[in-house]
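The values are calculated or read from the model by the stated rules, or taken from the named source; none is laboratory data. Computed from a predicted structure; not experimentally measured. Ideal geometry is used to build each Cβ from the backbone, glycine not excepted, and the neighbour counts take in all protein chains shown.
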């Protein structure tokens, strides 16, 4: 397993999903009166994101054979990259807006409750399930020796 490639591909995938895919879904789908993870926009975003995670997993396994374990590992790394990116973005955004390190670091205690949310479970599912399925499918299609 090439860890640096895994981190790079999952970071790129996270960027594409959170900027381009989210922007397209918001532009195409009308806003709904339903809020939270049950809104049609969020459901479509989660499904399209899962498809793109599967595509990024295939891209990662382009030069090697995937297995269920390596696919799941890719998904977990992608999830951790998404969480780390969110944390760094929150710190940097607060620092840029306020110009105060104390204000930026004041969000650190609030990050735990932010993660304890249904959206985090959806994020785990979006990253781990498609990656594990792609790894399992590649393992099954591999020639037996």
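Miscellaneous remarks
- Filtered by the rule that a residue be in contact with a helix residue (DSSP H, G or I) (Cβ under 8 Å, 6 or more places away or on another chain) and within 19 Å of residue 79 (Cβ to Cβ), the stretch 16-40 gives 16, 17, 18, 21, 22, 37.
- The lone criterion from (1) loosely packed, with under 11 Cβ neighbours inside 10 Å; (2) more than 22 Å from residue 36 (Cα to Cα); (3) more than 17 Å from the chain's Cα centre (by Cα) left unmet by residue 88 is number (3).
- Index of the failed condition, residue 127 passing every other in (1) free of Cβ contacts under 8 Å to residues at least 40 places away in the same chain; (2) under 25 Å from residue 7 (Cα atoms); (3) crowded, with 16+ Cβ neighbours inside 10 Å: (1)
- Considering the stretch 47-119, the qualifying helices (runs of 4 or more DSSP H), each wholly inside and each with 2 or more residues that are in contact (Cβ under 8 Å) with a residue 24 or more places away in the chain, run over 68-98, 108-115.
- The set of residues in the stretch 26-42 being exposed (fewer than 15 other Cβ atoms within 10 Å of the Cβ) and free of Cβ contacts under 8 Å to residues at least 12 places away in the same chain consists of 27, 28, 30, 31, 32, 33, 34, 35, 38, 40.
- Note on the stretch 130-145: among residues that are modelled with pLDDT under 90 and outside any loop (DSSP other than H, G, I, E, B), the one that is surrounded by the most Cβ atoms within 10 Å (Cβ to Cβ) is 138.
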